[in-house]
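K.L.:
Sharing a structure with you now.
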Amino acid sequence: MIDAMCREIEMQRTYLSDSVIETIYFGGGTPSLLTNQELHQLLDKIHATFTVSSAPEITLEANPDDISDQQVKDWKAIGVNRLSIGLQSFKASDLAWMNRAHTVEESMVCLDIAIQNGIENITVDLMYGLPDLSNEEWKKHIEQVIQKGVNHISAYCLTVEEGTALDKFVETGKIVPASENTQAEQFLILLETVEKNGFHQYEISNFCKTGFESKHNSNYWKGVHYLGIGPSAHSFNGFSRSWNIRNNQQYMKLIESNDSWFDQETLSPNDQFNELILTGLRTIYGVNLDQLNTILPLPSEFKALIQELIQLELMEQNESIIRLTKSGKLQADRIASDLFVV
């Protein structure tokens, strides 16, 4: 698999033109299971193929049970300077039904290990809207992470995807998801708690202290071009989007035989317009109406809806930049959908 990914890197050397690589992200699946030699091999191939900045942000997603003193030291030695740790919850029953391999104790210890070994840039994933998670427990989860010295939190509401094991549990009544009211309450608890502790919300689900914003994810939301390597990876160059085949064996076979290993779609002006709306409204950076206007002339209905949202205090406008208010963020997906050009 690593050899196939290195081969794909070579085959995609022109995808980003002459862009300087500012961020590298090992994520999706469980990259913390890779050996240091395998990570080193991938990083060496990236540096040999592209122009990489002198101080790139290099993030590794890690499970709590994969984190040890020696492992963190080894990751640092090969250039990893940011860890994304999927804690999800500090409640044992939550970890059990989510089928997480780590324990609550491992969640607490792994943060100490990472920080004590000099990883200052740590982000933790937490989930709210979980079955039986009280507002008091949720607030405590946030406070526990902050008290450990973590400077970035990604918090996501539980969503039930059709056809998943969770969907079946919900259908049979084995799991009862939180109500929409509870989800909204816990989102507002999240906002209040992080703000009191010096964090700011720079994207709907992402919160950090100043200077600890994820450069990599921010690039997604700002529409910066990116290249994804490996099975299921997505890439974007401004005009088209491509996604690699999901099956591992087929991916390796197609790469080896130099056959097409990805599907691709060309983005229409409508697609480009809507993507900027969808990603921009989720962020503190907002959406630049002048930029939208270079893609498509702003429809009169679009302008009228913006004014209506401003009057409802769901949106604010500063010169050509529109942003959602705190109330608007609770309805971000619906508002974005309403603004799409169809």
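The values are calculated or read from the model by the stated rules, or taken from the named source; none is laboratory data. It should be emphasised that the depicted structure is a prediction, and the values quoted were computed from it without experimental measurement. When we count neighbours, we look across all protein chains shown, and the Cβ atoms used for this are built from the backbone with ideal geometry, even at glycine.
K.L.:
Under 6 Å between Cβ atoms, which residue pairs at least 6 apart in sequence (or on different chains) link something in region 266-288 that is closer than 16 Å to S337 by Cβ and in contact (Cβ under 8 Å) with a residue 12 or more places away in the chain with a partner that is surrounded by 17 or more Cβ atoms within 10 Å (Cβ to Cβ) and of a type in the set (F, W, Y)?
P.N.:
As it stands, the answer is T279/W221, since those pairs meet every condition given.
K.L.:
Can I ask one more? For the list (1) in contact with a helix residue (DSSP H, G or I) (Cβ under 9 Å, 6 or more places away or on another chain); (2) at pLDDT 90 or above; (3) loosely packed, with under 15 Cβ neighbours inside 10 Å; (4) not acidic (D, E), I need the number of the one condition that K174 fails.
P.N.:
K174 satisfies every listed condition except (2).
K.L.:
Would you tally the residues in region 92-109 being over 28 Å from E57 (Cβ atoms) and crowded, with 19+ Cβ neighbours inside 10 Å?
P.N.:
2
K.L.:
Restricting to region 149-159, name every residue that is at pLDDT below 95 and surrounded by 15 or more Cβ atoms within 10 Å (Cβ to Cβ).
P.N.:
Once the filter is applied, which keeps residues that are at pLDDT below 95 and surrounded by 15 or more Cβ atoms within 10 Å (Cβ to Cβ), region 149-159 yields C157, L158.
K.L.:
Would you check which residues across region 282-326 are assigned to a loop (DSSP other than H, G, I, E, B) and farther than 25 Å from S240 by Cβ and list them?
P.N.:
I284, G286, L312, E313, L314, E319, S320, T325
K.L.:
Another question, if that's okay. Residue by residue through region 136-156, note down the ones that are assigned to a loop (DSSP other than H, G, I, E, B) and free of Cβ contacts under 8 Å to residues at least 40 places away in the same chain.
P.N.:
The answer is G149, V150.
K.L.:
Does region 25-48 contain any residue that is touching a Ser or Thr at 6+ places or on another chain (Cβ under 8 Å), surrounded by 18 or more Cβ atoms within 10 Å (Cβ to Cβ) and farther than 14 Å from G230 by Cα?
P.N.:
No, that holds for no residue.
K.L.:
Also, I was wondering about something else. When you go through D125, D112, D132 one by one, which is the residue that is surrounded by fewer than 19 Cβ atoms within 10 Å (Cβ to Cβ), more than 24 Å from S32 (Cα to Cα), among the charged types (D, E, K, R) and not assigned by TED's automatic domain parsing to the domain that holds A332?
P.N.:
Exactly one of D125, D112, D132 is surrounded by fewer than 19 Cβ atoms within 10 Å (Cβ to Cβ), more than 24 Å from S32 (Cα to Cα), among the charged types (D, E, K, R) and not assigned by TED's automatic domain parsing to the domain that holds A332, namely D132.
K.L.:
V160 versus (1) in contact (Cβ under 8 Å) with a residue 24 or more places away in the chain; (2) touching a Leu at 6+ places or on another chain (Cβ under 8 Å): which is the lone unmet condition?
P.N.:
Against the list (1) in contact (Cβ under 8 Å) with a residue 24 or more places away in the chain; (2) touching a Leu at 6+ places or on another chain (Cβ under 8 Å), V160 comes up short only on (1).
K.L.:
To continue, here is another question. Which residue, of A48, A62, A77, A55, is under 30 Å from K140 (Cα atoms) and in the same structural domain as I175 (by TED's automatic domain parsing)?
P.N.:
Testing whether each residue is under 30 Å from K140 (Cα atoms) and in the same structural domain as I175 (by TED's automatic domain parsing) leaves just A62.
K.L.:
If you don't mind, there's one more thing I want to ask. Which one of these is exposed (fewer than 15 other Cβ atoms within 10 Å of the Cβ) and modelled with pLDDT of 95 or more: L339, L312, L289?
P.N.:
Result: L312 is the single residue among L339, L312, L289 that is exposed (fewer than 15 other Cβ atoms within 10 Å of the Cβ) and modelled with pLDDT of 95 or more.
K.L.:
Exactly one of these conditions fails for E313: (1) under 24 Å from the mean Cα position of the chain (by Cα); (2) within 22 Å of E185 (Cβ to Cβ). Give me its number.
P.N.:
Of (1) under 24 Å from the mean Cα position of the chain (by Cα); (2) within 22 Å of E185 (Cβ to Cβ), only one is false for E313: (1).
K.L.:
What helices (runs of 4 or more DSSP H) completely inside region 177-281 contain at least 3 residues that are closer than 30 Å to E136 by Cβ and in contact with a helix residue (DSSP H, G or I) (Cβ under 9 Å, 6 or more places away or on another chain)?
P.N.:
180-196
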